[in-house]
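**Student:** Okay, here's the structure, questions in a sec.
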Amino acid sequence: MYKYMIKRFLISIPLLLIISFLTFVLIHLSPLDPAEVVLQAQGVPVITEELMVQTKQELGLDQPFLIRYLAWFASCLQLDFGDSYVTGQPVWSLLAPAFLNTVKLTMVSALLIIVLSIVLGVVCALREGKMTDKTVRGISFFVTAMPSYALAAILIWLFSVKLDLLPTSGMNSLSSYILPVIVIAVSYAGLYFRIIRSSMLNNLNENYVMYGRACGLPEHKITKTILRNSLQVAVSVFCMAVPIILGSTVVVENMFAWPGLGSLSVKSILSRDFPMIQAYVLVLATAFVLFNTVSDMINAAINPKLREGL
Amino acid sequence: MPNFLEVNHLKVWDKSSGEVILHDSSFKVNAESCLAVVGESGSGKSVTCRAIMRLNKPWVSQSGEILLHGENLSFLSDKEMRQKRGKTMYLIMQHGMSAFDPSTVVGVHLYETLKQHFGWNKHEAAGHMSIAMKSVMLKEPMEIMNKYPHQLSGGMLQRIMIALALVLEPDLIIADEPTTALDTISQYEVLEQFLQLRERLGCSMIFVSHDLGMVRKLADEVLVMKNGVIVEQGSTESIFTAAKHEYTRYLVSTKQTLNDHFKSVMGGQGVAKR
Ligand SMILES: Nc1ncnc2c1ncn2[C@@H]1O[C@H](COP(=O)(O)OP(=O)(O)OP(=O)(O)O)[C@@H](O)[C@H]1O
Ligand SMILES: [Mg+2]
């Protein structure tokens, strides 16, 4: 098991290297000259040739590409992503608090998503084709089909404006979490509980269920076994859900004025703040790879067959 | 001696499609005797086995009488039925490989089953299982019980199911093609175990098989099925020597030609005796 974990972890390192390189390349493929962007952002009225050359030197842009990449990568390892072109502040000092806020929102949502999907998935699988199953699936279909900004708008109108129970925006108290978390959780749980449900139903037809029953094991034990086997599929899905939510909170964060990565990234993209965008992409990609690694490890812990595969 | 298991007018159908799977099956299994069920694929052998245990899928309905020791199983509540399963009637499955929960070691299933029926703790259960497993030629039982199903062979898993039967001591064992998924050598070994199982437990048995050679060795009576209908039943000898029904004669004769072929390939040596 430990051997597997170490191997799996080592594999993710070259992956991260490739990702960091691609991030760097993609940003530098942009037709805009960073020096020009910086000068524009600083409000320099007339951009002369000399000024451009000088800025390029300051930013180290006159160095060969590979050297620039290596220098950038080395500093990234120390969480130094350079300074924002726009404000001149270090990127990390802007990114870190936003990242933390988004992580908080994501974690709370992910928790709710996991609980909701498992409960709904199990209940629907056990009541397959009955009223409960049909109702839950009907509602979830409706809710997941609704764009999250529409759902957010309805909830804000109902709970914040009409009933005046919850704050409309910001991140001031625990109650600020309720609406954004619901909007995120509802749309994802609606998808994920189906995965659990269908996985439970597949397992229900397995021979080991028949044999368990034939040995007189009580239904609750059999359900537990089925759930344990179904969760194998779900674990990897859940683990991947975390970075997906991290990267897709843009709409919700903007709707609820949540001071997180989503809001920050939109701002940075609009102002072409390259170091910010680079850092944002790199942080998200790293989160993806890490969660993927973690999900594989958890899966290996539940599924002994996988352990031997690597 | 009264019949141990009596099935009267068993009808099984698929509720959703209305398709009738078993039309009107009636048969008996005497105490301490073995009834073999043969027939082509899809003839309803497995459905019959599951109907006796009341383990068919929820969309499959059944009607008719299933009398075990004179008690009609159809009238039992789910809970009473569950207490019978494992303890009184025990099913040995065709695919040992998929019969155990793949996410845990095989011991867990054994402990839970024995806890359910005897209230034993893990230690007691392991003790009883060890003895039973050794007697079906599974050496180092403790190690085997700590293995995952995929780490064991089909033959070993089949023998674990047999060992569990030895501990549970059911009155009726239903074995649904227990050897089909095995290679020839394991088939032979598992057959030996079945012969011993009958001897030791003195239980009744329903043995589903494609292998008429095995049937002849193990069974007292044979039931021949085709398309959900019992076309012939009688003592093993009469089925093999004087089958009345066309289909039975066909089954016996194809077996014979296969055997002859096998004999000629093997140079007519003693191997083909079974
Ligand atoms: N769960 C089910 N739902 C609906 N129909 C079923 C179900 N299980 C079996 N059947 C039908 O019942 C018939 C008999 O199937 P059964 O599995 O009993 O055959 P069998 O004699 O055991 O065949 P085999 O030798 O291949 O195991 C088949 O035609 C099959 O389509
Ligand atoms: Mg079958």
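**Student:** What is the calculated FRET efficiency for A:Lys267 to A:Arg127, with r their C-beta to C-beta distance and R₀ = 60 Å, to the nearest 0.05?
**Tutor:** Computed FRET efficiency for A:Lys267 and A:Arg127 comes out at 0.80.
**Student:** Skip the ligands, DNA and RNA, and give the accessible area per residue of chain A with a 1.4 Å probe, whole Å².
**Tutor:** 51
**Student:** Here's something else I'd like to know. Which entries of B:Lys84/B:Lys115; A:Lys221/B:Lys87; B:Lys57/B:Lys115 show an alpha-carbon separation above 19 angstrom in the structure shown? Numbers along the way, then the final one.
**Tutor:** Working: B:Lys84/B:Lys115 14 Å; A:Lys221/B:Lys87 17 Å; B:Lys57/B:Lys115 26 Å.
Violating the 19 Å Cα-Cα cut-off are B:Lys57/B:Lys115.
**Student:** Further, regarding this structure: How high is the relative contact order of the range B:5-262? Use alpha-carbon pairs under 8 Å, at least six apart in sequence, and give a whole percent. Each step should come with its number before you reach the end.
**Tutor:** Values: 434 pairs, mean separation 66.2, N = 258.
Contact order relative to length: 26 percent.
**Student:** Local charge sum around A:Glu50 (other residues, Cβ-Cβ under 15 Å, Lys/Arg +1, Asp/Glu -1)?
**Tutor:** -4
**Student:** Okay, moving on. So, in Å, what gap is there between the alpha-carbon centers of the range A:243-272 and the range B:75-133?
**Tutor:** That distance is 54 Å.
**Student:** A follow-up question, please. Read phi for every residue in the range A:141-157 and hand back ³J(HN,Hα) as whole Hz from Karplus 6.51 cos²θ - 1.76 cosθ + 1.60, θ = phi - 60°, with x for Gly and Pro.
**Tutor:** 4, 5, 6, 5, 6, 6, x, 5, 5, 5, 4, 4, 4, 4, 5, 4, 4
**Student:** Further question: Just to be sure I understand the model, the point goes 7 Å from the Cα along the line to the Cβ. What's the resulting A:Leu290 to A:Gln63 distance in nm?
**Tutor:** Inter-label distance under the simple model: 2.6 nm.
**Student:** Please identify every one of the trypsin sites (Lys or Arg not before Pro) in the range A:87-167 that sits in a loop by DSSP and has no more than 11 other beta carbons within 10 Å of its own beta carbon.
**Tutor:** A:Lys130
**Student:** Right, something else. Can you pull the one-decimal nm distance between simple spin-label points at A:Leu201 and A:Ser175, each 7 Å off the Cα toward Cβ?
**Tutor:** 4.1
**Student:** Determine the dipole magnitude for the protein assembly as shown: charges of +1 sit on the beta-carbon of Lys and Arg, -1 on that of Asp and Glu, nothing else is charged, the reference point is the Cα centre, and the result goes in debye to the nearest 20.
**Tutor:** 1100
**Student:** How much of the calculated P(r) for the protein assembly as shown lies past 34 Å, in percent of all Cα pairs? Present the calculation step by step, with values, prior to reporting the outcome.
**Tutor:** On the way: 98940 of 170236 pairs.
Here the long-distance tail beyond 34 Å is 58 percent of all Cα pairs in the protein assembly as shown.
**Student:** For the range B:5-262, what is the Kirkwood hydrodynamic radius in Å, using each pair of distinct C-alpha atoms?
**Tutor:** Kirkwood radius, the range B:5-262: 19.0 Å.
**Student:** Right, something else. Looking at chain A as a GNM with Cα springs under 10 Å, which of A:Ala152, A:Ala74, A:Ala189 has the largest mean-square fluctuation?
**Tutor:** In the Gaussian network model the winner is A:Ala74.
**Student:** Taking the solvent-accessible surface of protein heavy atoms with a 1.4 Å probe, what is the per residue accessible area of the range B:5-262 in Å²?
**Tutor:** For the range B:5-262, the solvent-accessible area averages 44 Å² per residue.
**Student:** In square nanometres, what is one fourth of the surface area of the convex hull spanned by the alpha carbons of chain A?
**Tutor:** 21.1
**Student:** Can I ask one more? In Å and on Cα atoms, what radius of gyration and Dmax does the range A:93-273 show?
**Tutor:** Looking at the range A:93-273, its Cα Rg and Dmax stand at 19.4, 67 Å.
The values are calculated or read from the model by the stated rules, or taken from the named source; none is laboratory data. For clarity, every value in this text was computed on a predicted model and none was experimentally measured. All Cβ positions, even for glycine, are placed from backbone atoms using ideal geometry, and neighbour counts span all protein chains on display. Please note that ligands, DNA and RNA were not included when accessible areas were found on the heavy atoms of the full protein model with its side chains. Shrake-Rupley method; radii C 1.70, N 1.55, O 1.52, S 1.80 Å.
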